[in-house]
1. Subtracting the Cα-Cα distance from 0.36 nm times the residue separation, let me have the gained length for ALA54 to ALA244 in nm, one decimal.
2. In terms of the Cα gyration tensor, with a ≥ b ≥ c the square roots of its eigenvalues, is the chain rounded because a/c is under 1.5, prolate because a/b exceeds b/c, or oblate?
3. For the chain, set up a GNM with springs between Cα atoms under 10 Å and report which of PRO36, PRO95, PRO151 has the largest fluctuation.
4. By average Cβ neighbour count within 10 Å, what is the ranking of 102-114, 59-71 from highest down?
5. Could you pull out the chymotrypsin sites (Phe, Trp or Tyr not before Pro) across the range 1-102 that fall in loop regions by DSSP (anything but H, G, I, E, B) with no more than 16 other Cβ atoms inside 10 Å?
6. Can you tally the net charge around HIS108? Count Lys and Arg as +1, Asp and Glu as -1, for every other residue whose Cβ sits under 12 Å from the Cβ of HIS108.
7. Let me know the shape class of the range 93-172, please: from the alpha-carbon gyration tensor, a ≥ b ≥ c as square roots of the eigenvalues, rounded when a/c is under 1.5, otherwise prolate if a/b is greater than b/c, or oblate.
8. Distance in nm between label sites at GLU167 and GLU26, each 7 Å beyond Cα in the beta-carbon direction?
Amino acid sequence: MSETRLIHGFHAITAKLRRSPASFREIVFAGDRHDPRMRDLLKLADAAGVRAVAADVARLDGMAGGARHQGVVARVAMTEKFVSLDDVMATVSGPALLLVLDGVTDPHNLGACLRVADAAGAHAVVAPRDRACGLNATAIKVASGAAETVPYLMVTNLARSLREMQELGVWVMGAAGEADRDIYTIDQRGPLAWVFGAEGGGLRRLTRETCDELARIPMLGSVESLNVSVAAGVCLFETRRQRAPAKL
């Protein structure tokens, strides 16, 4: 029997059911929950031929490790593919758009970044192995299905991976509050990798030095920085705005 992992929450389970029903071993759901959302999920599982088992909250809490599971936990096959940057770039049509996370260790932030990356059409999210959280159940739940659509590449040496991007013609742009230029004055229409550091710590020195350029988000209020997923959303969608066809 193949190795399995647990995922929880309606968004994560529904998204995976629609994309990869064969990967499911079972769904465990709260037996005392009979609302329309649960009925729709169980109907989808039944149509896909996935076994669904009723359980009490104590069992669900234990399976989810205390995380907010919304009354549903699923056991799925471990089907994660360890793709490389070359694999991703080979599938890109048009200018590449990558999101690089340097030192983001909170799974809630990772999940939110994956969701933003999916919404902005980023081709992959890249992070170092030694200073990053893995794609655990919490990150998958927060990603609301994006963990199934956006490749998440964990690399051994982030600076080396950034240089590989540069060799492939990708401009590496680091987000830094002290940068001289703001994101609205920089041409982002070519292949681009946005690099973000952890909230509070920012980019590590070597990461910063490897970037081709640094850019800042203009801050007009009293706060000095944004949550990493919010900052990523601002920058990625500015890139998309610049790349949109001009309206006549």
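Derivation of every value follows stated rules applied to the coordinates shown; laboratory data play no part. Predicted, not measured: the structure shown is a model, and the values here were computed from it. Note: ideal-geometry Cβ built from the backbone for every residue, glycine included; neighbour counts use all protein chains shown.
1. Full extension from ALA54 to ALA244 adds 63.6 nm.
2. prolate
3. Residue with maximal mean-square fluctuation among PRO36, PRO95, PRO151: PRO36.
4. Values: 102-114: 23.1, 59-71: 16.4.
In descending order of packing, they fall as 102-114, 59-71.
5. In loop regions of the range 1-102 (DSSP not H, G, I, E or B), the sparsely surrounded chymotrypsin sites (Phe, Trp or Tyr not before Pro) are PHE82.
6. Here the count lands on +1.
7. Oblate, because a/c is 1.5 or more while a/b does not exceed b/c.
8. Inter-label distance under the simple model: 4.8 nm.
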